[in-house]
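Read the structure below first, then the notes.
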Amino acid sequence: MFTHVMTPVDGSDLSLRAARHGMQLARLCKAKLTSITVSPTYRQHFQEGFVAPAVPVLRERWEAQMAERAQEVLDQICMEAGQVGVECNSLHVFGDAPYQAIIDAAQSSNCDVVVMGSHGYGGAKLFILGSETGRVLSHSTIPVLVYR
Amino acid sequence: MFTNILIPTDGSELSLMASSGAIDMAKVFKARTTILMVSPTFRQVADEGFIVPGLHTNKREWERAVTERARKVLDAAAATAKKAGVACETVHVFRDMPHAAIIDTAKKNSCDLIVMGSHGYGGFKQWVLGSETTRVLSQSKIPVLVYR
């Protein structure tokens, strides 16, 4: 049926729940799993009137923090996948358009289904579809399984 | 993982693709399928200023024709399911809001997954998600797999 399942996660509860469903789907289809986290690219920060200059050292520090946080979530998923016997890859990328990063990654790893939650962090929880999920649904050429 | 898959169809090409994908999934999960077609209720038809009266005979005639068309689509889908060795039930309902009929049928038949195309007949084919699919996605409590 499916040979390679893509599960985008942002660390929110729903994204982890969707990832676990994706894991089960991969197990039943004897498919591989790729989990991806997309972090926003570095921007100038300002806090209480102080603007932090976009110097490389701050950027590196920020990227390292993002990578660390993402890796925690991705490692957790890959560990759980390993426990149910599913081969799992993890990907962490920087991009300001998460949906595009997800679609690009799905294409370049030849995934044939994307499994994700209807919402990530933030946004109205009821009735409305999350913005990134909506964009992935509109732009993806492969099937998308949406969990609520 | 899934026990009863709801497959709403309108006979369009994409909905047929979604239904054959859903039947493959049902085979893997040893699930049943419920194939649903929703037709709009009878309305008076206005044609070049002439209003066809909403007579009982007209309504009966119209419903008969619509039911016949729905039967054809549903029977074809059921035949595909049967060939794949998947248990299948077909449902045809008249309702002006297809998404409501889809969600109600899912509840009534205790379906645990809805598989549908991103678009039915009509609408922009690219980028944008079809209106009924969007409504189902925002109101469904069970996962929705969207084919494109």
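Observations
- Across the range A:13-22, the qualifying residues are those that are in contact (Cβ under 8 Å) with a residue 60 or more places away in the chain and surrounded by fewer than 24 Cβ atoms within 10 Å (Cβ to Cβ), and the one among them that is farthest from the other protein chains (Cβ to nearest Cβ) is A:Leu16.
- Counting only helices (runs of 4 or more DSSP H) that sit completely within the range A:56-148, those holding 2 or more residues that are exposed (fewer than 15 other Cβ atoms within 10 Å of the Cβ) correspond to A:56-83, A:98-108.
- Taken over the range B:29-41, the criterion of being surrounded by fewer than 16 Cβ atoms within 10 Å (Cβ to Cβ) and more than 13 Å from the chain's Cα centre (by Cα) is satisfied by B:Lys30, B:Thr41.
- The criterion of being in a loop (DSSP other than H, G, I, E, B) and surrounded by fewer than 20 Cβ atoms within 10 Å (Cβ to Cβ) does not hold for A:Asp10.
- Every residue from the range B:68-104 that is out of contact with any Asp or Glu (no Cβ under 7 Å at 6 or more places or on another chain), in a helix (DSSP H, G or I) and open to solvent by less than 50 Å² (accessible area, probe 1.4 Å): B:Ala70, B:Val73, B:Leu74, B:Ala77, B:Ala78, B:Ala81, B:Ala100, B:Ala101, B:Ile102, B:Ile103
- The range B:13-28, residues that are within 15 Å of B:Ser118 (Cα to Cα) and either of a type outside the set (D, E, K, R) or within 12 Å of the chain's Cα centre (by Cα) (or both): B:Leu14, B:Ser15, B:Leu16, B:Met17, B:Ala18, B:Ser19, B:Ser20, B:Gly21, B:Ala22
- Close contacts from the range B:82-93, counting a first residue that is free of Cβ contacts under 8 Å to residues at least 24 places away in the same chain and of a type in the set (D, E, K, R) and a second that is in a strand (DSSP E or B) and surrounded by 15 or more Cβ atoms within 10 Å (Cβ to Cβ), with Cβ to Cβ under 9 Å and a gap of 6+ residues or different chains, come to B:Lys82/B:Cys88.
- Residues that are of a type outside the set (Ser, Thr, Tyr) and either touching a Lys or Arg at 6+ places or on another chain (Cβ under 9 Å) or open to solvent by 20 Å² or more (accessible area, probe 1.4 Å) (or both) within the range B:130-146 comprise B:Glu132, B:Arg135, B:Leu137, B:Gln139, B:Lys141, B:Ile142, B:Pro143, B:Val144, listed in sequence order.
The values are calculated or read from the model by the stated rules, or taken from the named source; none is laboratory data. Here the structure is a predicted model, which is why all the values come from computation and not from measurement. Don't worry about glycine lacking a Cβ; one is built from the backbone with ideal geometry, like all the others, and counts go over all protein chains shown. Heavy atoms of the whole protein, side chains included, go into the accessibility calculation; ligands, DNA and RNA do not. Shrake-Rupley method; radii C 1.70, N 1.55, O 1.52, S 1.80 Å.
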